[in-house]
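Right, one structure below, let's go through it.
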Amino acid sequence: MYDGGKIITGIIIFLLFATFPFYYNIGKANVKPDPKLDTPVIKQLAEKKCVESKEYMRANHMQILDDWRNMALREAKRTYRNAEGKLFEISLQNTCMKCHSNKNKFCDECHKYANVKPYCWDCHFVKEGGAAK
Amino acid sequence: MGALFSFGVVIALVIIALVGVKGAHLQALFGVVIPYAAVVTFFIGLIYRVVKWGKSPVPFHIPTTCGQQKSLPWIKHNKLESPATGKEVFLRMVLEVLLFRSLFRNLKMQRSGDRVVYGSAKWLWLAGIVFHYSFLIVLIRHLRLFTNPVPSFVSLIESVDGFLQIGVPNLMMTGVVLLAAVTYLFLRRIYIPQVRYISLPADYFPLFLIMAIAATGILMRYFIRVDIVKVKELTTGLARLSPTVPDGIGSIFYIHIFLVSTLFAYFPFSKLVHLGGIFLSPTRNLANNSRMVRHVNPWNYDVKVHTYEEYEEEFRDKMISVGIPVEKNPPAEENKTEEASEESEGKE
Ligand code: HEM
């Protein structure tokens, strides 16, 4: 090879960058999120059900929150009818967080894993399970 | 035609992934086997191409220059445009790779009355650089799916990229900008007749492929959502070489990753390999020092020459015997050499 030294150095530098995800995780515990559903309110529920089905919530809860925000603030609608026809008061703090009052053991579990930091809490208030993000 | 054909191929890829996952439930194939195969192809193919280039001799010394060559001390040397040393070449390469300087010089031939003028044409450069950097940033942001815990530089990039705080989930600018830039690059090929004339399926296909990857990514993030926690279980599994395939991930994810796998596998065999090629372009990476250092074509073999002296040496007896004059006659040797040296002195 002509200029073999330089080319091989280049290839090695490239590989160091490109294979980053393969060696970065070595030796690090692969902590999976474990959102806890053991809040007092949920324990008292007869039917342990969220606003919508669990599968739907896992993928689309941010969509629901966004829709709720628009419904409440733009259309002045403060009740939400879910797929089963059950009614919920539209409120992040008084609905979601009443059942899921353990924010750092619930919301944050997943969010830390997925590396999302919803900025909602800049304004919205979180009770006890709170402050820590 | 080329465009339609390439578009058809990309649509076929989407349908293959959709049928494979929805119809045949081949999640493990599309989520694990194909991505691994694609990544291995990518690395081996890319290294193979680069090594092959490295083995190809450069017969001529052909740096392109557009500045004053290093010359006499009072003539100002343009170090970037006509680098004379390795260090200057390195600087020029860095600027070429990071800022696409030679594309910045792109010109457009125009008619002004009956004269031909060359106007500046920066749009290609702008779209090109925006496209490459947003691609890079999107790629780096994807590391959040492959690392656990996520390194802080990824969070930093995410927070800058999402600082507009539009919508939920937070809008990432580079994703949209990437799609816009690649769309511009495609429209450019369609709208400029000369460029359309020279465009081949190999030019359209990567554009459509990247467009489709960005479009499925955007759909997945903002519209047809998937369970990112499960996706991350799959992707960290890939990175840790202990693959798992959680059920319940939407088909759109498999379409996205199948298109990405196609891109990776296609990469080393296509024009996209300019990722490596740019570093091995002789017109860019050679110093313009041909007046200081002799460039020898590496495949020059030692030419066998038979000089007149050798010829005479071999046949002198025969030449003398038939009366052919010879230069070097054993008795007249001194005479001749004197003459020869006189001659050469006279020339000087
Ligand atoms: C194996 C590699 C890849 C995987 C597993 C993957 C997976 C994903 C996932 C799960 C999302 C949704 C993110 C969310 O909902 O927050 C996404 C979004 C996206 N992906 Fe990929 N992707 C890969 C490679 C790529 C590549 C190479 C590109 C570059 C063209 C790309 C472009 C996008 C874009 C533009 C989005 C939209 C959201 C954003 O801007 O982050 N992806 N990808």
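The values are calculated or read from the model by the stated rules, or taken from the named source; none is laboratory data. Note that the structure is predicted; figures quoted are calculated from it, not measured. When we count neighbours, we look across all protein chains shown, and the Cβ atoms used for this are built from the backbone with ideal geometry, even at glycine. Quick note on the areas: whole protein, heavy atoms, side chains included, nothing else; ligands and nucleic acids left out. Shrake-Rupley method; radii C 1.70, N 1.55, O 1.52, S 1.80 Å.
Count, please, the residues in the range B:18-55 that happen to be surrounded by 13 or more Cβ atoms within 10 Å (Cβ to Cβ) and either in contact with a strand residue (DSSP E or B) (Cβ under 7 Å, 6 or more places away or on another chain) or not in a helix (DSSP H, G or I) (or both).
1
How many of the residues making up the range B:7-44 are farther than 18 Å from B:His256 by Cβ and within 16 Å of the ligand (Cβ to nearest atom)?
3
One line per residue, one yes/no per condition, for (1) assigned to a loop (DSSP other than H, G, I, E, B); (2) within 11 Å of the ligand (Cβ to nearest atom); (3) open to solvent by 20 Å² or more (accessible area, probe 1.4 Å):
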residue: B:Arg196; (1), (2), (3): no, no, yes
residue: B:Ala202; (1), (2), (3): no, no, yes
residue: B:Phe205; (1), (2), (3): no, no, yes
residue: B:Met211; (1), (2), (3): no, yes, yes
residue: B:Ala214; (1), (2), (3): no, yes, no
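Out of (1) within 10 Å of the ligand (Cβ to nearest atom); (2) crowded, with 21+ Cβ neighbours inside 10 Å; (3) under 29 Å from B:Ser6 (Cα atoms), the odd one out for B:Tyr222 is which?
All conditions are met except number (2).
In this structure, is B:Leu145 farther than 19 Å from B:Phe7 by Cβ and either more than 13 Å from chain A (Cβ to nearest Cβ) or within 15 Å of the ligand (Cβ to nearest atom) (or both)? If you could, list the steps in order and put the result at the bottom.
Values: farther than 19 Å from B:Phe7 by Cβ: yes; either more than 13 Å from chain A (Cβ to nearest Cβ) or within 15 Å of the ligand (Cβ to nearest atom) (or both): yes.
Judged against the criteria, B:Leu145 is a match.
Just one of the numbered conditions (1) among the acidic types (Asp, Glu); (2) touching a residue at least 24 places away in the same chain (Cβ under 8 Å); (3) outside any helix (DSSP H, G or I) is not true of A:Asp108; which one?
Result: A:Asp108 fails condition (3) only.
If you go through the range B:283-297 one residue at a time, do you hit one that is in a helix (DSSP H, G or I), open to solvent by less than 90 Å² (accessible area, probe 1.4 Å), within 14 Å of another protein chain (Cβ to nearest Cβ) and at pLDDT 90 or above? First the steps, then the outcome.
Going through the range B:283-297, the residues in a helix (DSSP H, G or I) turn out to be B:283-285.
Still in the list and also open to solvent by less than 90 Å² (accessible area, probe 1.4 Å): B:283-285.
Cutting the leftovers down to within 14 Å of another protein chain (Cβ to nearest Cβ) gives us B:284-285.
Now restrict to residues that are at pLDDT 90 or above: B:284-285.
Within the range B:283-297, one or more residues are in a helix (DSSP H, G or I), open to solvent by less than 90 Å² (accessible area, probe 1.4 Å), within 14 Å of another protein chain (Cβ to nearest Cβ) and at pLDDT 90 or above.
Considering only residues that are open to solvent by 20 Å² or more (accessible area, probe 1.4 Å) and more than 11 Å from chain A (Cβ to nearest Cβ), which ones fall in the range B:258-271?
Here is the first cut: in the range B:258-271, the residues open to solvent by 20 Å² or more (accessible area, probe 1.4 Å) are B:258, B:260, B:262, B:264-267, B:269, B:271.
Answer for the range B:258-271, where residues must be open to solvent by 20 Å² or more (accessible area, probe 1.4 Å) and more than 11 Å from chain A (Cβ to nearest Cβ): B:Phe258, B:Val260, B:Thr262, B:Ala265, B:Tyr266, B:Phe267, B:Phe269, B:Lys271.
Count, please, the residues in the range B:160-173 that happen to be away from the ligand (no atom under 12 Å from the Cβ) and modelled with pLDDT of 95 or more.
1
Looking at B:Thr235, is it open to solvent by less than 30 Å² (accessible area, probe 1.4 Å), within 14 Å of another protein chain (Cβ to nearest Cβ) and β-branched (Val, Ile, Thr)? Talk me through it step by step, then tell me what you get.
On the way: open to solvent by less than 30 Å² (accessible area, probe 1.4 Å): yes; within 14 Å of another protein chain (Cβ to nearest Cβ): yes; β-branched (Val, Ile, Thr): yes.
So B:Thr235 fits the description; yes.
Name the residue that is most open to solvent (accessible area, probe 1.4 Å), counting only residues in the range B:143-188 that are in contact with a Pro (Cβ under 7 Å, 6 or more places away or on another chain) and not aromatic (Phe, Trp, Tyr).
Looking only at the range B:143-188, we keep the residues that are in contact with a Pro (Cβ under 7 Å, 6 or more places away or on another chain), and these are B:143, B:146-147.
Retained after the next criterion (residues that are not aromatic (Phe, Trp, Tyr)): B:143, B:147.
Numbers: B:Leu143: 25, B:Thr147: 0 Å².
Taking the candidates together, the pick is B:Leu143.
At least 2 residues that are in contact (Cβ under 8 Å) with a residue 40 or more places away in the chain in each: list the helices (runs of 4 or more DSSP H) lying fully within the range A:1-49 that qualify.
On the way: elements: A:4-18, A:20-24, A:40-44.
Counting at least 2 such residues, we get A:40-44.
Give the residues of the range A:5-28 that are aliphatic (A, V, I, L, M), open to solvent by 70 Å² or more (accessible area, probe 1.4 Å) and either under 29 Å from A:Ala114 (Cβ atoms) or away from chain B (no Cβ under 11 Å) (or both), sorted by residue number.
Answer for the range A:5-28, where residues must be aliphatic (A, V, I, L, M), open to solvent by 70 Å² or more (accessible area, probe 1.4 Å) and either under 29 Å from A:Ala114 (Cβ atoms) or away from chain B (no Cβ under 11 Å) (or both): A:Leu16, A:Ile26.
Out of curiosity, is B:Tyr191 away from every other protein chain (no Cβ under 14 Å), more than 8 Å from the ligand (Cβ to nearest atom), buried (at least 19 other Cβ atoms within 10 Å of the Cβ) and hydroxyl-bearing (Ser, Thr, Tyr)? Give the steps one after another, and end with the answer.
Details: away from every other protein chain (no Cβ under 14 Å): yes; more than 8 Å from the ligand (Cβ to nearest atom): yes; buried (at least 19 other Cβ atoms within 10 Å of the Cβ): no; hydroxyl-bearing (Ser, Thr, Tyr): yes.
No; evaluated as a whole, the condition is false for this residue.
Could you say whether any residue in the range B:106-118 is surrounded by 14 or more Cβ atoms within 10 Å (Cβ to Cβ) and within 20 Å of the chain's Cα centre (by Cα)? Spell out the reasoning first.
Here is the first cut: in the range B:106-118, the residues surrounded by 14 or more Cβ atoms within 10 Å (Cβ to Cβ) are B:106.
Of the ones still in play, those that are also within 20 Å of the chain's Cα centre (by Cα) are B:106.
Yes.
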